[in-house]
Each structure stands twice: as structure tokens, then as C-alpha cells.
Amino acid sequence: MNRQFFISTPGLAALLGIIAAAVPIAHAQESGVPPVEPSFTQGEAQSDISTLFEWKGENPRTANIGTIRSDDGVEWTVPAKTHFGTAMKAPDLYNEANAVTPDRVADVNLAQIPVIDAGGDEVFTAYIFGDNYFEFYVNGNLLAVDPIPMTPFNSSVIRFKAQRPFTIGIMGVDWEERLGLGFEKFRGAVFHQGDAGLVAVVKDESEETVAVTDQSWKAQTFYTSPLKSKECLVLKGPWRDSSNCGTDDVDDGTSHFAAHWPIPDDWAAADFDDRDWPNAVTYTNDFVGVENKPAYTNFTDLFDNPSADAKFIWSSSLVHDNLVLLRTTIER
Ligand SMILES: [Ca+2]
Ligand SMILES: [Ca+2]
Ligand SMILES: [Ca+2]
Ligand SMILES: [Ca+2]
């Protein structure tokens, strides 16, 4: 999100990326799991382009999707196949597009938020800020999707009934304007590398925090781009490491590559085996760049609570990894 950070200090960003990636790579190598080879596409998607959402306010952006065929003949939806058109939209914590702009969480009337039945009697409340889009599952059931695929930056509150233990699955998508390439058109840069990040807090009915996003979550990437070459992507066990691929904006990115992996049908289920997925990588608020986003900063007592600090999480590349699946289990 903080484009200036990447533009002005690419060396530092790369160094931080290497440091952030070092620990999980070691873990993944130890697991001895053979890597899953991706399908590669090259260039911008040109087929089945449609608009999911158009933001016409300040800094107007359009969230499109499209399809692109890989070398091996598989058709991929980019940036992601979503349930945006069919699923319930997550209620707003903060959303300029719906004129929901509370100054603090105390101004949010939780009683007005519908409680979704996810199987159980205990009521939980999840607060989520995702750059840019998320779909929220409990025990494999899709409860709600982010109402804003790209911008304006928004945050959501989802209430549901469940029984402990239960598994939360979140599909996170870093949206793009150059479909299939992961590039944005941003402040005059026509091939700008956008970045991601997601933070969430889950509380029980007594306001006790039962989960925050941190490195104990599992995170696996299923779509990564732009890659300046296929070879810059390094597979180490289940680790899909793009740290050699460069995060600078380019003048012409139309020949860059993307890597795609098929998403397991049951990835969000409680009994899906995620032991071989890498742990999530955490990123600081500064690195993600949220200081100018009230959808986050109006709720720092939620997201930056000193006794239960939710971290921004993602896979090893906040820039290249554009479709990341995240999982955690809330124990008894
Ligand atoms: Ca969003
Ligand atoms: Ca983004
Ligand atoms: Ca935090
Ligand atoms: Ca990206």
C-alpha cells in the first residue's frame, strides 16, 4: 500500500523481505515436501474481462476480472475466481462507498450486524481489514465476502455462531489493474507493483479476543506475479519464493510472467491438512503503509491492542503474491 516506501527504498524493502522470508523457508525445507510446479502465463489477460466494482469517489479505480490461458492449456481467472456476485457482502466496519465512516469501534452498533449460523451456539465477531479483498470461511462454509474488491480501502465486521474448535479460512486477494500481471496503474506509473496484507481480530461474546492474525496462521500462495522471468521464482518444498523477482515498477511489463497453482476444493475445511503450508509472514503497519487509511487507523484499539496485537499477515511476498489462502483454528 505504501508505494512511496517501495519506490524510494527498494534496497531496504528487499532486505526486509529476505529477513521476513528466512525463517519460514527453513521450516518448509525441513518438511521435505516436494514442490507443486505452477502453470505459467505471460502477459496481460485479454479474455472474459468484466467489472466487479467501480469506485467513482476520490482516486477512482475499477476492479475487473478476466481469464488467461497458461502454456499447459489451463484457463485461469485473474486475479481470482471469487464469490463476489453471489455471496453475502460482509457488513461494514468502515466503508466510504456506503458512507459508513465511524471514528472508533465504540460507535459501531454490533446489535445491528446479523449473526450468521456457522453451526454452534457461541457468537463470535470478526473484524477484518484486507488489502484488497477477502472471502471469509468458517469450517469450509463461506460466510461473507469483502464488499470492495479494490478501493476504497474498507474494513468489515462479521458476526457468526460457531462451536469451538472451529477453523477460519480467508482467501486474500491483492487486486490489480493489469489483469494477470499483478501491476496497477498508480500515480502515473503504468506498471506499478501493488502490495497486499490482511489483519483480523476475532472476539467472543464477552469481548475476549480469541484470535488475532499472527505467524501461527498458515499461508499459501496460489497466484504470484509479476515475475520478470519464470526462473526468478524458487520453489523450496511448499515455499513459493519470489524474493529474486524484483519489486520495482517497470516501463513495460507486458512480457512479465505469472505463476498459478490450482486451489484445493476443501482448502477451508476444518480437516484440510495444512501442516505442510508455510506459516504466515508478519509485516509491520509501517511496511504495509496504513497510516493514511481510516478503515484501519480509526480502529487501532482493535487491531493494535497491546495485550492482543493483530499483525498484518501474508505469504513471503507482500508484493508478488496476489492470491493467498490463510487458515487458523480456534481451539476450545
Ligand atoms: Ca476491500
Ligand atoms: Ca493492494
Ligand atoms: Ca497490529
Ligand atoms: Ca501484488
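Nothing in this text is a laboratory measurement; each read-out follows from the coordinates by a stated rule. Just so you know, these numbers come straight off a predicted model, no measurement behind them. Quick reminder, even Gly has a Cβ in these numbers, built from the backbone with ideal geometry, and neighbours come from all protein chains shown.
Couple of notes before you dig in:
- Dipole magnitude of the chain, debye to nearest 20 (Cβ charges: Lys/Arg +1, Asp/Glu -1, about Cα centre): 200
- A simple spin-label model places pseudo-atoms 7 Å from Cα toward Cβ; at Glu291 and Met88 they are separated by 3.8 nm.
- Centroid-to-centroid separation of the range 39-76 and the range 148-167 [C-alpha atoms, Å]: 25
- Scattering from the range 3-330 was approximated by placing one identical point on each alpha carbon and applying the Debye formula without solvent; log10 I(q)/I(0) at 0.12, 0.15, 0.16 1/Å stands at -0.79, -1.29, -1.48.
- Relative contact order of the chain, taken over Cα pairs closer than 8 Å and 6 or more residues apart, is 24 percent.
- Packing-based ranking, highest mean first, of 222-233, 257-268, 129-140 given that Cβ atoms within 10 Å are counted: 129-140, 222-233, 257-268
- Positive contributions from Lys and Arg (+1) and negative ones from Asp and Glu (-1), summed over other residues with Cβ under 14 Å from the Cβ of Trp314, come out at -2.
- The long axis of helix 10-31 is offset from the longest Cα principal axis of the chain by roughly 80 degrees.
- Distance between the C-alpha centres of the range 291-329 and the range 84-132: 16 Å, rounded to the whole angstrom.
- Two-site FRET efficiency, Ala99 against Asn305, from Cβ-Cβ distance with R₀ of 30 Å, rounded to 0.05: 0.65
- Spacing of the two label points (7 Å from each Cα toward its C-beta) at Ser229 and Asp48, in nm: 3.2
- Entry note, the chain: the mean residue ellipticity at 222 nm calculated from DSSP H runs of n ≥ 4, each adding -39500 (n - 2.57), is -3000 deg cm²/dmol after division by the residues and rounding to the nearest 500.
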